[in-house]
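**Student:** Before I ask anything, let me first share the structure, which is written out below as structure tokens.
The values are calculated or read from the model by the stated rules, or taken from the named source; none is laboratory data. All values derive from a computational prediction rather than experimental measurement. Neighbour counts run over all protein chains shown; Cβ positions are idealised from the backbone, glycine included. Each accessible area value is taken on the protein alone, full model and side chains, heavy atoms only, with ligands, DNA and RNA left out. Shrake-Rupley method; radii C 1.70, N 1.55, O 1.52, S 1.80 Å.
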Amino acid sequence: MKNRVIKVVSGIMDTPIEKLDEESSPDTVEKWDSIRHMNLILALEEEFGVCFSGEEIVEMLNVQIIIETLREKVVQ
Amino acid sequence: MIGLSLSEIQEYLSRSDLSKFPEFQVSVLRNIMLEPIEPYLRYMAYQIGLNAQVKFGGYDNVFQDAVGGKDDLLSKNTDCILVFTKLDTLSSGLARNFTALSASEIQAEIDRIKDYITNVLSGIRKQTAALVLWHGFELPVYPAFGILESQKSNGQLATINNLNEFLKSKLNDDKNAYFVDLNLSLVRLGANRFYDSRYWHIGRAPFTREALLDIASEEFKFIRALKGKNKKCLALDCDNVLWGGIVGEDGLSGIKLGKTYPGSAYYEFQQEVLNLHNRGVILALCSRNNEEDVWEVFKKHPDMLIKQDHITTTQINWRDKATNLKQIAWDLNIALDSIVFVDDSEFEVNLIRKCVPEVEVIHMPPARTEEFGNILASCGLFDTLALSSEDKKRGVMYKAEAARKKFLTQFADLESYYKSLEMEIDIGFADEFSIPRIAQLSQKTNQFNLTTRRYSEADIWTFSNSDKSDVIYIRLKDIFGDSGIVGVCILKYEDEKAIFDTFLLSCRVLGRCIEEVFLVETLKLVKKRGAYKVAIGEYYPTRKNSQVELFYKNNGFEEVEPDRKTTTKKFQYNVETKLKPKSSFFKKINARINQSEKGKR
């Protein structure tokens, strides 16, 4: 799960995988702005076949929270 | 439409070498968040060989950007301007609070928006003449007065329709601006797949990705047509495409075709094919059958809508279809990339994609026969920006071309062949009747086109009205029929020089010495104009126009100082040089440009 999320983040934020970890967020990743955040959410929805609520979208502001939110939705 | 995910598109774009394609500058004026449309625009551009560069104006800065807010947003380098004016942002009253407004308040809003539209368009036009694609107002899915809306003539639906009509008429008055109907995308996808209300609230981004892909593909139908990349010929397989079953095995009465299921799916597909035919698309057959079996269906089957007369050329045999499609292109004198091939067989489809990748292929999946008509209609590959009277006759004209080719084989030498055609030529200045066709030829002609400059109707009007240029067309008629306007020449005058800005002929009429007569008559005009000593002809090489590289040289021009740095060739011609027309082939040459006293109409 973590690797898949980081791969998606890396693609959308145009940032190498090595530079990303669970703590990565708009504060640590330069290109993570509101437009790329929207693209990230849509890419995660596509990748994991889920749908986030508006409330979840505005809170998913680091990789750790993204993983936790996804865990609640994806039956493994 | 293609069902591609964003990651697939992004991977596709990053793998492809876009830099080899010409740049296409898109500027987006918008009052919503629209940045996520960029990859879809670049992908659609790539499909027609363009490298799109997308620039966004400021959020809700449509007016400011139109009148020159951001420096490099609109300029002479801009190729296309996309305008998105969502009503929710433009007038929250009309969009969200309609029931609270009085009649006079509604009217005031309508007037304000109409002024806004007028000012934005004229602001854009002060900066650039580029193609404008303005997206109309979407109709509300749940209009303000509910079921009363459909009974009222002044409800929210009527008000929005009124604004759309106004916008359409404004864009219509401009020769290079078009109305893009978002309601078509909305209807095709349904509101739930079109809107993403989460991002509307979080970031004022109203559309889903599916919607963005559909919108981008709609926009590129316009751009494809403007760039002359729309397709001309539909080559059809027969068995399991035009009818269900295999005529050679099931027989005339055994095939499925008619008003009831399952034959009705093929019947509807044929209706769609005829729709395209009526819009000027040439129909060809490319199938593995015994030819007489196929024609028996065409002649005798009561529900066969497509008739033999609709078909311009055929390759019905047992050879491979790649060879057959090349033969069809040769017969019609069109390029392979002007052909769309339709087949139900995965084998044939893959063969064509591999062997003749220039041909666009539509695969009709055998399990979804009911959708064949829609699949064909949804492709948008044949869409044109205007429908000229030539378009409607095109199938007939190309049929005449095929007949001419057959006729040619009866003659021992070319000269007697040319004479037997009884060709009549008419050369005149552009006027309001010919300009749509002239613009269309400028946008579509690839092979016999010396400079391949693409001009809109607006451009042609400008040249035609100017003292510094002439726009000339040539028409052709012969014993096989009237070919209409088949060539265009645009002369631009600078000091003592007359420059052939554009010289092109439709590929349909090549090989009949028409180009020589056309050149001679235009040179006569230059001489008659009096003020110009030399004529300059240029050749800009493209992938398709190598046949005209030596056109000027072969017709009495001299090449000037070959420049090693560019591939452009330049030729000049002293207007005092004696001309030798090959008019003996022609029954009649009516060069009206050289008859009237003043020169222009």
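**Student:** Are any residues in the range A:5-34 part of a loop (DSSP other than H, G, I, E, B) and loosely packed, with under 14 Cβ neighbours inside 10 Å, and if so, which ones?
**Tutor:** A:Asp14, A:Pro16, A:Asp21, A:Glu23, A:Asp27, A:Glu30, A:Lys31, A:Asp33
**Student:** Please go through the range B:129-149 and pick out each residue that is open to solvent by less than 50 Å² (accessible area, probe 1.4 Å), closer than 18 Å to B:Leu385 by Cβ and not aromatic (Phe, Trp, Tyr).
**Tutor:** The answer is B:Ala130, B:Leu131, B:Val132, B:Leu133, B:His135, B:Gly136.
**Student:** Going through the range B:39-56 one residue at a time, which ones are surrounded by fewer than 20 Cβ atoms within 10 Å (Cβ to Cβ) and either within 12 Å of chain A (Cβ to nearest Cβ) or outside any strand (DSSP E or B) (or both)?
**Tutor:** B:Tyr46, B:Gln47, B:Ile48, B:Gly49
**Student:** Only one of these conditions is not met by B:Ile32: (1) touching a residue at least 60 places away in the same chain (Cβ under 8 Å); (2) over 19 Å from A:Ser34 (Cα atoms). Which number is it?
**Tutor:** (2)
**Student:** Which pairs do you get when a residue that is at pLDDT below 90, found in the range A:23-37, comes within reach of a residue that is acidic (Asp, Glu) and not in a loop (DSSP other than H, G, I, E, B), reach meaning Cβ atoms under 7 angstrom, with the pair 6+ apart or on two chains?
**Tutor:** Sorted first by the residue in the range A:23-37, then by its partner, the pairs are A:Ile35/B:Glu35.
**Student:** Residue by residue through the range B:150-208, note down the ones that are in a loop (DSSP other than H, G, I, E, B) and surrounded by 15 or more Cβ atoms within 10 Å (Cβ to Cβ).
**Tutor:** B:Gly155, B:Asp174, B:Lys175, B:Asn176, B:Asp181, B:Asp196, B:Arg204, B:Ala205, B:Pro206, B:Thr208 - these are the residues of the range B:150-208 that are in a loop (DSSP other than H, G, I, E, B) and surrounded by 15 or more Cβ atoms within 10 Å (Cβ to Cβ).
**Student:** I've got another one for you. Return the total of residues in the range A:51-72 being open to solvent by 70 Å² or more (accessible area, probe 1.4 Å) and more than 13 Å from A:Ser25 (Cα to Cα).
**Tutor:** 5
**Student:** Residues in the range B:176-187: is at least one in the same structural domain as B:Val132 (by TED's automatic domain parsing) and in contact with a His (Cβ under 6 Å, 6 or more places away or on another chain)?
**Tutor:** yes
**Student:** To continue, here is another question. Go through the range B:10-36 residue by residue and tally those that are more than 11 Å from chain A (Cβ to nearest Cβ) and either in a helix (DSSP H, G or I) or closer than 20 Å to B:Asp72 by Cβ (or both). Explain how you work it out, then say what you get.
**Tutor:** Residues of the range B:10-36 more than 11 Å from chain A (Cβ to nearest Cβ): B:12-13, B:15-32.
The next check asks that each one be either in a helix (DSSP H, G or I) or closer than 20 Å to B:Asp72 by Cβ (or both); those that pass are B:12-13, B:15, B:18-20, B:22-30.
Here the count works out to 15.
**Student:** Looking only at the range A:35-63, count every residue that is outside any helix (DSSP H, G or I) and within 12 Å of chain B (Cβ to nearest Cβ) and tell me the total.
**Tutor:** Total satisfying the criteria: 5.
**Student:** Right, B:Val342: in contact (Cβ under 8 Å) with a residue 60 or more places away in the chain and part of a strand (DSSP E or B) or not?
**Tutor:** On the way: in contact (Cβ under 8 Å) with a residue 60 or more places away in the chain: yes; part of a strand (DSSP E or B): yes.
For B:Val342, the condition - in contact (Cβ under 8 Å) with a residue 60 or more places away in the chain and part of a strand (DSSP E or B) - is met.
**Student:** Keeping to the range B:278-296, report how many residues are of a type outside the set (Gly, Ala, Ser), open to solvent by less than 30 Å² (accessible area, probe 1.4 Å) and under 31 Å from the mean Cα position of the chain (by Cα).
**Tutor:** 5
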